[in-house]
Amino acid sequence: MNNATETIKLVQLLDAFCEAFNRHDPDAIVSMITDDCEFRPALGDKQFGASIKGKSAIKEAFINTFAMFPDAKWVPRNKNEVIGERGFSEWTFIATRQADGAFFEMDGVDLFFFKDGKICMKDVYRKNREPIFPK
């Protein structure tokens, strides 16, 4: 269980992490995760989606995401919260896919798990909404 000071630091970590996403800054993103961090995106072939493990694989995944969606932004819906060793962030993802111009706007939640003051798991849940294609 975290004390109030640790909780404030973890909320600040989540705030900085979310800001790094909107800057499309994979180096900043991986600086805030543990070496063995696991990222579980919303899509994938397993019940929980996919599993991307380790800083280098996670960095590569986000480089690819930012290339696929060069205007991607995650608009916060509420302030980030931390309770004990878990945190969550509510957001609206807004982006245009580079390949075909498809526009996406959907709500989601990230669940975070912490270890040693860093993020050790990020698990994504989002609404599945069909993209809007340009006319």
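The numbers here are math on the coordinates, done by the rules we state, and not lab data. Please read these numbers as outputs of a predicted model, since none were measured by experiment. Note that we place each Cβ from the backbone using ideal geometry, even for glycine, and neighbour counts take in every protein chain shown.
Ignoring lysines fewer than eight residues from LYS59 along the same chain, the ones with Cα atoms less than 22 angstrom from its Cα are LYS46, LYS73, LYS115, LYS118, LYS122.
The helix-based estimate of mean residue ellipticity at 222 nm for the chain, built from -39,500 (n - 2.57) per DSSP H run of four or more residues and divided by its residue count, is -9500 deg cm²/dmol to the nearest 500.
Taking the Cα atoms of the chain, the ratio Rg/Rh between the radius of gyration and the Kirkwood radius comes to 0.97. Modelled spin-label separation between THR5 and GLN47, with each label point placed 7 Å from Cα along the Cα-to-Cβ direction: 4.1 nm.
Arrange the peptides 18-25, 125-132 so that the one whose residues have, on average, the most other Cβ atoms within 10 Å appears first.
18-25, 125-132
Could you tally the net charge around SER51, taking each other residue with its Cβ under 13 Å from the Cβ of SER51, Lys/Arg +1 and Asp/Glu -1? Intermediate values should be presented prior to the final figure.
On the way: positive: ARG40, LYS46, LYS53, LYS122; negative: ASP36, GLU38, ASP45, ASP123.
Net charge around SER51: 0.
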